[in-house]
Structure formats: C-alpha cells, structure tokens
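The values are calculated or read from the model by the stated rules, or taken from the named source; none is laboratory data. A quick note: this is a predicted structure, and the numbers were derived from the prediction, not measured. Cβ coordinates were reconstructed from backbone atoms using ideal geometry, including for glycine residues, and neighbour counts include every protein chain displayed. Please note that ligands, DNA and RNA were not included when accessible areas were found on the heavy atoms of the full protein model with its side chains. Shrake-Rupley method; radii C 1.70, N 1.55, O 1.52, S 1.80 Å.
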Amino acid sequence: MALFGLTGCAVPVAGQPSPGPTSSAAGASAEVVRWMNNFCGVAKYMVASGGVQFDQTQTDPAAAKKAIGDSLGRVVDVLDVVLHDLGELTPAPAPAADTAVEVISEPLTRARDKFVSAKSTVDSAPEMTTDVFNTVMQDMTEAVTVMNEAVEKMAVVSLPDDFRAAAPQAENCA
C-alpha cells in the first residue's frame, strides 16, 4: 500500500522539459508515463491482492493442512506476479528508477522465499502437527517482517522528478 501511496504523491514540476532531472508534467515522455503506469499497476495489484485470507475455522487437521497450503500457494502466486511485473520494469528509462525497483524487489523476494518455505513445510508434512504448525508460523512471521521492511524501504525510495511528474498522466496512478 505504501508503494501506491508513494506514487500518488507526485507533484508536477513547473518549467519546460529538459535533459536535466526535472520536467513539467505535461512534457513527460511517453516512455516515462508508460513506465509509471506499469509501476502503479504493480502497486495496485499488490494492494488488491493483499486480502488473501487464511481459513482458520478448520477443525479437521487434514482440512486445515489443505487450507493453509492453498492459502500459502495464493500468497506465493501473488508475489510471483508482483516480482515478475517489477522485473519487467527494468531497464527503466532512468537508472534511478531501476534502483527503486531493486530496493523494492529484494525484500519482496526474501518474503516470497519464506512463504515458499512455509508452503513446502505444509505440503511435505504427512499431517499438521504442532511442530509443523510452529515451523510454518515462524516462516510466515519472518515473511511478514520482511514485507514490512519492503514497505519501509518504499517509504524512503524516491523516483526521479520526471517520473513523479508523469504520475498524473498515468492511468494506474490516479
């Protein structure tokens, strides 16, 4: 959600387009507007996908194991799409934008790996024992911690001025 908030705070810079780091919103290149549209699209997807729920009402251990495995699979699938789409943003029209993608992708990759580990633990266990559940919860806790780190990094990452100025022209950033 912070990624979406970051892009939504774009402030147009007054003046004429120039090869320097600032340009007017009206003069943003089509390539930069397209990039921002895709960047904001990834953010919107992350926000919309954030509602993956874990069914905690299962009392049957086999049903609980399946429900947890299925939910973890959905989280991994979402993160796979997000990481793929972030990867498609590079190379960006400016190296600083590539840096922003890298800063966001690194912790999301670590979080995805922790969710994969949790799913692997669930899937390989013959039954959902207390030990299996505790291992899965540890991986999930670490994954959420790393995702929070990604959000914190998003708060300090800044895109080049011309990218922020292009946000109002990008449909997904509105």
**Request:** Return only the number of the condition from (1) surrounded by fewer than 20 Cβ atoms within 10 Å (Cβ to Cβ); (2) in a loop (DSSP other than H, G, I, E, B) that residue 128 does not satisfy.
**Result:** (1)
**Message:** Any residue that is in a loop (DSSP other than H, G, I, E, B) and acidic (Asp, Glu) - is there at least one of those in region 154-166?
**Reply:** no
**Message:** All but one of (1) surrounded by 14 or more Cβ atoms within 10 Å (Cβ to Cβ); (2) within 13 Å of the chain's Cα centre (by Cα) hold for residue 99; state the number of the condition that does not hold.
**Reply:** (2)
**Asked** What's the number of the condition residue 135 fails, among (1) open to solvent by less than 20 Å² (accessible area, probe 1.4 Å); (2) free of Cβ contacts under 8 Å to residues at least 40 places away in the same chain?
**Response** (1)
**Request:** Find the residue count for region 69-106, including only residues that are among the basic types (Lys, Arg) and under 13 Å from residue 157 (Cβ atoms).
**Result:** 0
**Prompt:** Quick one: in region 102-125, which of the residues that are touching a residue at least 40 places away in the same chain (Cβ under 8 Å) and over 16 Å from residue 43 (Cα atoms) is most open to solvent (accessible area, probe 1.4 Å)?
**Reply:** 123
**Request:** Determine whether residue 142 is closer than 24 Å to residue 35 by Cβ, out of contact with any Phe, Trp or Tyr (no Cβ under 7 Å at 6 or more places or on another chain), of a type outside the set (Phe, Trp, Tyr) and assigned to a helix (DSSP H, G or I).
**Result:** no
**Request:** State yes or no: is residue 134 under 16 Å from the mean Cα position of the chain (by Cα) and not charged (D, E, K, R)?
**Result:** no
**Prompt:** Which residues, counting only those in region 78-101, are touching a helix residue (DSSP H, G or I) at 6+ places or on another chain (Cβ under 9 Å) and acidic (Asp, Glu)?
**Reply:** 80, 85, 88
